[in-house]
Amino acid sequence: MSNDLFKKILKLIEFSEIVKEGNNYFVDIDLLTNKEIKEIKKITGKDLTGYKRTLDISGIKHSIKKHPNLSYSDFLLIPIIVKNYDFIGKGKKDDIIVYKKEIGNEYFYIEQIRKGRKKLVIKTFYKRKKRKK
């Protein structure tokens, strides 16, 4: 992950504490790769060619409110989680994709397909202690 993206994500998280309403603030993380497009199509049946992965204030606010054990640094793991997941699958709804990655803890990143803007946007994000097998 580039330092520039790192700084943009941190700034967005900090800004999420200031902004009370609205969802006009976001950071595009990246354009989906061909590998990601193929994998997601296999799971969902949807062709996401030309889609960008995005973090927005609404998803960050929701994640922090519902999962207070998250820290700012956890959000910096999102680009790593989506590129190097241990599990990827479809959520309960057709437009939801779930990623799981173990990095000390178990991290779950859930994103929503938004057709109109051709984006995959954070729905929620959380972590839990690794379960014993």
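Here, each number is a calculation from the coordinates, and none is a lab measurement. As the structure is a computational prediction, the values presented were derived from the model and not from experiment. Don't worry about glycine lacking a Cβ; one is built from the backbone with ideal geometry, like all the others, and counts go over all protein chains shown.
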**Prompt:** Non-local amide H neighbours of TYR51 (under 5 Å, H modeled in plane, Pro and chain starts lacking H): which ones?
**Reply:** LEU32
**Prompt:** Where the centroid of each part is defined by its Cα atoms, how far is the range 74-133 from the range 1-63 in Å?
**Reply:** 11 Å
**Request:** At q = 0.18 Å⁻¹, work out log10 I(q)/I(0) for the range 3-128 with the Debye formula, treating every Cα as an identical point scatterer and leaving solvent out; two decimals please.
**Result:** -0.96
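Which of LYS35/LYS123; LYS20/LYS65; LYS8/LYS52; LYS66/LYS118; LYS52/LYS90 have a Cα-Cα distance over 20 Å? The partial results should precede the final answer.
Working: LYS35/LYS123 22 Å; LYS20/LYS65 13 Å; LYS8/LYS52 16 Å; LYS66/LYS118 26 Å; LYS52/LYS90 18 Å.
Violating the 20 Å Cα-Cα cut-off are LYS35/LYS123; LYS66/LYS118.
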**Message:** Which residue, PHE87, LEU70, LEU5, has the largest displacement toward the positive end of the dipole of the chain when charges sit on each Cβ (Lys, Arg +1; Asp, Glu -1)?
**Reply:** PHE87
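Suppose the chain between PHE6 and ARG117 were pulled fully straight at 0.36 nm per residue; how much longer would it get relative to their current alpha carbon spacing? Each step should come with its number before you reach the end.
Values: separation 111, 0.36 × 111 = 39.96 nm, distance 2.33 nm.
Once the chain is fully extended between PHE6 and ARG117, it gains 37.6 nm.
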**Request:** Sum -39500 (n - 2.57) across every DSSP H segment of at least 4 residues in the chain, then divide by the residue count to get the 222 nm mean residue ellipticity, nearest 500.
**Result:** -10000 deg cm²/dmol
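Among THR124, THR33, which comes first, second and so on when ranked by fewest other beta-carbon atoms within 10 Å?
Values: THR124 18, THR33 10.
Fewest-to-most Cβ neighbours within 10 Å comes out as THR33, THR124.
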**Asked** Sorted from fewest to most neighbouring beta carbons within 10 Å, what does the list ILE103, ILE113 look like?
**Response** ILE103, ILE113
**Prompt:** Using a Gaussian network for the chain with springs between C-alpha atoms less than 10 Å apart, which of these wobbles most: ILE80, ILE18, ILE57?
**Reply:** ILE18
**Prompt:** With contacts defined as alpha carbon pairs under 8 Å and 6 or more residues apart, what's the relative contact order of the chain in percent?
**Reply:** 22 percent
**Complete:** Least to most buried among ILE40, ILE122, by other C-beta atoms within 10 Å and fewest first, runs ILE40, ILE122
